[in-house]
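Engineer: Following this message is one structure expressed as structure tokens.
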Amino acid sequence: MQFITILSLILSFLAIYGDFYNLRLLLPRNVVPSVSKSYSEATTLLEQAEAINIPNVSDYRASLAILRNEFLQMRTDSHRSPGIFQQLYLLFPFGLTWRLYDLKWRIDAIRRSIELAVDERQLLNNANNANSHATSTALPASTTVTVIPMNIDEPTPPARAVTSTLSAA
């Protein structure tokens, strides 16, 4: 009985320590660098997107400017409250940490849409380059292509395969 009591006391102290250790992740001052990094990555990607001339760059830039203004206000509120109790006050009544995480998720969503637009543009450019190279080179008289239909739900491809012969015109 004595051993179980001591073990439960040690586990209780570890749980309390874990709660306080993870509480730091909820303080606004610890979330601000993560949001700042996400914003800087999004602006860097937007500059790369402008270089390859993707559509709707002005929409992305306007959205990031609005989110930047929100972030600057939240960062100022966080820096004005340096103490632990002041940070906890920002956390619970004002929900600043949750608003910062929400802002980070919105910035990440814009960054992902910019990445998709950049990837789309690069695939389009690669396809155009491949088409220009394909028209300049001669194709063999006949080419055999084996197509294996796959079902996403099945872990292995089915046994049957469809074979077709393509001939150059």
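The values are calculated or read from the model by the stated rules, or taken from the named source; none is laboratory data. Predicted, not measured: the structure shown is a model, and the values here were computed from it. Virtual Cβ from ideal backbone geometry, glycine too; neighbours counted across all protein chains shown.
Engineer: Between residues in region 11-38 that are among the small types (Gly, Ala, Ser) and residues that are surrounded by 12 or more Cβ atoms within 10 Å (Cβ to Cβ), which pairs lie under 6 Å by C-beta distance while being six or more apart or on different chains?
Structural biologist: Ser38/Lys104; Ser38/Ile107; Ser38/Asp108
Engineer: What do you reckon, is Asp59 within 24 Å of Phe92 (Cα to Cα), without any contact (Cβ under 8 Å) to a residue 40 or more places away in the chain and either assigned to a loop (DSSP other than H, G, I, E, B) or acidic (Asp, Glu) (or both)?
Structural biologist: No.
Engineer: Mind checking which residues of region 78-127 are under 18 Å from the mean Cα position of the chain (by Cα) and either among the polar types (S, T, N, Q) or assigned to a loop (DSSP other than H, G, I, E, B) (or both)?
Structural biologist: Across region 78-127, the qualifying residue is only Ser113.
Engineer: Report yes if some residue within region 105-123 is modelled with pLDDT under 85, closer than 16 Å to Gln48 by Cα and polar (S, T, N, Q); otherwise report no.
Structural biologist: For region 105-123, residues modelled with pLDDT under 85, closer than 16 Å to Gln48 by Cα and polar (S, T, N, Q): present.
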